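Here, each number is a calculation from the coordinates, and none is a lab measurement. Computed from a predicted model, the values in this text were never measured in an experiment. Glycine gets a Cβ as well: all are built from the backbone with ideal geometry, and neighbour counts include every protein chain shown.
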Amino acid sequence: MVMKSNSPGEVWILAEQADGMIRGTAHGLISKGRQLADDLGTKVSALCFGHDVAGVEGLIACGADRVYLVDDPDPVNHDEESCARELVALIRHHQPAILLASASLWGSSLIPRVAAALETGLAANCTALEIDLESKLLMQTRSALGGNVLATMECPEKRPQMATVRPYAFKRGAADQSRQGEIVRVDPEKQPVTSRTRLLNVINDLDQKVKLEEADIVVCGGRGLGKAENFNVIAELAKVLGAALGSSRPPVDDGWIAYSHQIGQTGRSVAPRLYIACGISGAPQHVAAMQTSEIILAINEAPQAPIFEVATYGIVGDLFKVVPMLTARFRELRG
Amino acid sequence: MEYFLNEQQQTLRSLARKIAEQRILPVRAELDEKEEFPWELIREMASSDLLRIFIPEEYEGLGGGCLDLCLVMEELSRVCGGVAISYGANALGALPLINYGSEEQKRKYLPDIASGKRLAAFAVTEATAGSDAANIRTTAVRANRHYVLNGTKQFITNGGEAEIYSVVVMTDPARGSRGASALIVEKGTPGFSFGKKEKKMGIRASSTRELVFHDCRVPAENLIGREGQGFIIAIRTLDRSRPGVGAQAVGIAQGALEASVEYARQRIQFGHPISAIQAVQHMLADMATQVEAARALVYAAARTIDAGAKSFSEEAAMAKVFATDTAMRVTTDAVQILGGAGYMRDYPVEKMMRDAKITQIYEGTNQVVRNTIALELLKRKAMRE
Amino acid sequence: MNVVVCLKQVPGKFKIEIDPQTGTLVKGGTDNMINPFDMNALEEAMRLKEKHGGKVSAISMGPSEAKESLREAIALGADEAVLLCDPAFDGSDTWATSHILSLGIRKLGQPDMVICGRQTIDGETGQVGPELAEMLGLPFVSCVSRIEEVAEGHVKMQRMAEEGHHVVEMQLPGVISVVKEINVPRLPSLRGLMQSKKASITVWNARELGVDVAMVGSKGSPGRLVKVSRPQRSTRQELLQGSLESQVEQLIGKLREAKIL
């Protein structure tokens, strides 16, 4: 357990990498971390587990003062248990005030281990973070109860204050290439690797090339599609836009499309630049997982559908008319 | 309305509802469209013990009665009348064995029916015989230790899918209805084949086929009861099963009523949901009242049977006629309330209306069943005089 | 193969009432049920038992009404069910919940595997599985979509990953969380339901578990709830008007403005 000290600790960001590249989720986290650190009058350090990771300088440009490049103790497996152990040791040593990580599959699995070991609180999948200027505590806001409420949490005693953040919930700020920062290589004590989990194989079986979480545009279908074959209608639009194809829960439950496409509280969360909801009523469980998208376009026949309450733009009409029109127009525009 | 179901019946009802809503609802439109027999659902019902409930405990059943069967029929039918009748026809096929089978026959067949390993079916109807059982043309001629069957049964629910058939045949055509006998014929018996699957108006998830017997040799020990008892077995079996058809009708009507209420609350016309219109309200009120009355009559008939009443033809017939006529009316009104949407296959009520129609026809047309009621009524009056 | 399944009773329907003065949740929902992902966990545990023998224990932390959910687990085939229940547990955060569960699991005896659902549909954190693993000193694999084989001392499985699926091997004993694509949970049987009505549910309180009540509950947990509120809906919504053709054109103009096209 790390107790609160008088000088404010740093704000730490776990910057995730994949295949030696910093993942896109990290930049928004750094920007948010910068804001929190400025409110506290402290520094931002990014931590990255990996070997020769490209794009580390970009973290400094986004607002990090320091990057700890931690040699992954088990680079093949990227083993959560070993990384957690290393992270716990670093936190115990440096005593940051705050630790933020992306609520990616890896982060959501690794970070709770760290919190458990440090006996501190952890708020999951946050969509808003701010410093309460009076108490200097981190206010962590997250969606709960099927997207029906926002709960704000704090961690008054234990340190660090930890949160995982919904991927892409925070926008990356403008990069300043002239920003200076240090890159610190951390060589963990070379213990024999004793990973109890091993990665045997990676199966690229997603039936689409564009990853939902990282797509700039997501085209998503709901019950209004009526049947499995009608996904073709929106898949065509997605293809023209280079967008990822998503689904709300009912089509997945009815077996029209694989679970890997599900966007919602029990599926994936997305925050693309443009989200096109076709025939989706807008249940809170779905809305919670896409409402931080930059622009939401809703197409639905029922004007009273709750999806229009979160939509930036709404078209009330038959999606089987509207979507093909959009597809045709985008195809013209994109040549 | 409170029907004072016991704990097992309440549990059974909620289990059947769960199966209907979680498993049947997502596939009912597809089963209807593709006219597909719901094998997967039948297996699921079997593993949930639903096929055990009407089998006596000595034969690995749960010893439930007519009311238990009705509760399941109603809940399944509330979602899909077609799946429900596939379940119900199995029970119908088992009834002659349960009530008239020998100890050996029961031990041989009932545990398999209870576990769902084999389905059963019941066959009376022919091209020239249905309600007129005396005119059955399928014959069974005794030859040493066998009966040799020839003839064709028509419109047999679960035909082709079931493995155990209780078939009513003529063993002594000269004696008319007194020359009929009931025999168990297993699928796979040489000389026993199936006609093509019928294309139906409703209950399309269920399977209806001809049973074709051509010099089909059936062991003599497959005779249910005695020779000449076939007609009475058929009549008594239908007396026991008619409340089940009534329950099917109540379930279909209940489903249509719920769909109507839901739609009426959602459909906006002239700035208000149509449920605010008194004409619609009165339709809904009449539908609800009729459904509840039908349910009360069906349960009362089922309880009369379960209480061990000696004669219950009239009660069973009343339950069947009233509930099935109600289902036809209520589903027709449901289509009316949904208007254009109701006529479309995207909405469930047109299917309910198609499914409801058969309940007025099978296990005795409602006209023939009214004869039964009238006969009992007049017989009683005559006896008092 | 002895498996412990962690279950939570959650509302089947959300009916939210918030006290605007205090920002506290007055009412969260009705129609309690087992968290859907936990049903997948229970189903997978049952399949492991059917294949490899052993027993399935269901464990839950919650109010005494959660006994009903544990009864359902027994109806579905769980061999025993334990409820960790004490007024001092109310309002526990994920750390405290995991702590209490870990003590309950230790008291049950070391299992070969602990299976949790990926997340609950009310709290939606997905943190209890990995926190529990850390506290029990066990390895953990999240979002398991398929168990391929269980051999001496390890289990091979597929988990959800951003690029599709990963095939991973985990030493046993270990903790996993499962997603719904792993299986279709069975429905109970009538006999199972009737038997479960008579089944006894073990209840352990803080003292029996050896929980230090100063570390759990709404007062002792590391994480505290400050307030709850209704999500703010976007104020920028605009229903496009005119013919469909003109709406499509307006939209394209807007997307150009936003530099999305």
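Positive contributions from Lys and Arg (+1) and negative ones from Asp and Glu (-1), summed over other residues with Cβ under 11 Å from the Cβ of residue A:42, come out at -1.
Please give me, ordered by residue number, the trypsin sites (Lys or Arg not before Pro) of the range C:187-261 that lie in loop per DSSP and have at most 16 other Cβ atoms within 10 Å. Don't skip to the end; give the middle numbers.
On the way: sites: C:191, C:197, C:198, C:207, C:219, C:224, C:227, C:233, C:236, C:254, C:256, C:259; in loops: C:197, C:198, C:233, C:236, C:259.
Here the trypsin sites (Lys or Arg not before Pro) that fit, given the DSSP loop and packing criteria, are C:197, C:198, C:233, C:236, C:259.
Among B:151, B:179, B:116, flag the residue with its Cα farthest along the positive direction of the charge dipole of the range B:30-179, charges on Cβ as +1 for Lys/Arg and -1 for Asp/Glu. The residue sitting most towards the positive pole is B:179. As a rough footprinting exposure proxy, the listed residues A:248, A:102 were ranked by other beta carbons within 10 Å of their own, and the order from fewest upward is A:102, A:248.
Loop only per DSSP, at most 13 neighbouring Cβ atoms within 10 Å: give me the trypsin sites (Lys or Arg not before Pro) in the range A:232-335, ordered by residue number. Don't skip to the answer; put the middle values down first.
Working: sites: A:239, A:268, A:273, A:321, A:329, A:331, A:334; in loops: A:273, A:334.
Taking the range A:232-335 and a limit of 13 other Cβ atoms within 10 Å, the loop trypsin sites (Lys or Arg not before Pro) found are A:334.
Distance between the modelled labels on residue B:60 and residue B:292, one decimal in nanometres: 4.3 nm (7 Å Cα→Cβ projection). Note that the protein assembly as shown, at 4 °C in a medium of 1.567 mPa s, gets a Stokes-Einstein diffusion coefficient of 41 µm²/s from its Kirkwood radius over C-alpha pairs.
Using the Cα atoms of the range C:121-187 to build a convex hull, what is its mean projected area in square nanometres? Provide the component values of the computation, followed by the final result.
On the way: hull surface 22.5 nm².
Value for the range C:121-187: 5.6 nm².
Label reach from residue B:300 (point 7 Å along Cα→C-beta): in the range B:47-81, amide nitrogens under 17 Å belong to B:67. Once the Kirkwood radius over Cα pairs is known for the range B:7-118, the Stokes-Einstein relation at 10 °C and 1.306 mPa s delivers a diffusion coefficient of 113 µm²/s.
From the largest down, the range A:212-333 spans 36, 28, 28 angstrom on the principal axes of its Cα atoms. What the Kirkwood sum gives for the range B:83-129 is a hydrodynamic radius of 11.4 Å, with every pair of different alpha carbons counted. All distinct Cα pairs of chain A go into the 1/r average, and the inverse of that average, the Kirkwood radius, is 21.1 Å.
In chain B, which longest range has no chymotrypsin sites (Phe, Trp or Tyr not before Pro) that are both DSSP loop (not H, G, I, E or B) and surrounded by at most 13 other Cβ atoms within 10 Å?
Numbers: sites that count: B:4, B:270.
The answer is B:5-269.
Mean sequence separation of contacting Cα pairs (under 8 Å, at least six apart), scaled by the length of chain C, corresponds to a relative contact order of 23 percent. Over the C-alpha atoms of the range C:84-210, the Rg to Rh ratio, Rh being the Kirkwood estimate, stands at 1.00.
In this structure, residue B:267 and residue C:243 have a Cβ-Cβ separation that, at R0 = 22 Å, corresponds to a calculated FRET efficiency of about 0.30.
Given charges of +1 on the Cβ of Lys and Arg and -1 on the Cβ of Asp and Glu, with all other atoms neutral, how large is the dipole of the range A:2-186 about its Cα centre, in debye to the nearest 20?
380 debye
If the limit is 19 Å between Cα atoms, which of C:8/C:219; B:18/B:357; A:32/C:259; B:18/B:197; A:43/A:136 go over it? Result: C:8/C:219; B:18/B:357; A:32/C:259; B:18/B:197 exceed 19 Å. Sorted from longest to shortest, the spans of the Cα atoms of chain C along the three principal axes equal 66, 47, 39 Å.
Annotation for the range B:290-331: trypsin sites (Lys or Arg not before Pro) lying in DSSP loop with at most 11 further Cβ atoms inside 10 Å of their Cβ are B:310.
Where nothing but the Cβ of Lys and Arg (+1) and of Asp and Glu (-1) is charged, how large is the charge dipole of chain C around its Cα centre, in debye to the nearest 20? Intermediate results must be reported in sequence, preceding the final value.
Details: 31 positive and 33 negative charges, 104 e Å.
The dipole magnitude comes to about 500 debye.
Rounded to the nearest 20, the size of the Cβ-charge dipole of the range C:123-261 about its Cα centre is 820 debye, with Lys and Arg at +1 and Asp and Glu at -1. Note on residue B:281/residue A:54: beta-carbon distance plugged into 1/(1 + (r/R0)^6) with R0 of 51 Å gives a FRET efficiency of 0.15.
In this calculation the C-beta distance from residue B:127 to residue B:375 is compared with R0 = 22 Å, giving a FRET efficiency of 0.25.
Working note: Debye formula, equal point scatterers on the alpha-carbon atoms of the range B:147-227, no solvent; log10 I(q)/I(0) at q = 0.15, 0.25 Å⁻¹ is -0.54, -1.20.
Label-to-label distance for residue C:212 and residue A:253 is 4.4 nm, based on points extended 7 Å past Cα in the beta-carbon direction. Dividing the convex hull volume of the alpha carbon atoms of the range A:2-186 by its residue count gives 110 Å³ per residue.
For the pair residue B:137 and residue B:235, label points projected 7 Å from Cα toward Cβ lie 2.5 nm apart. For the options B:133, B:309, B:341, a Gaussian network treatment of chain B with springs between C-alpha atoms closer than 10 Å singles out B:309 as fluctuating the most.
Take the alpha carbon atoms of the range B:240-350, find their radius of gyration, then divide it by 2.2 N^0.38 Å using N residues; give the quotient. Each step should come with its number before you reach the end.
On the way: Rg = 16.1 Å, N = 111, 2.2 N^0.38 = 13.2 Å.
Rg over 2.2 N^0.38 Å, computed on Cα atoms: 1.22.
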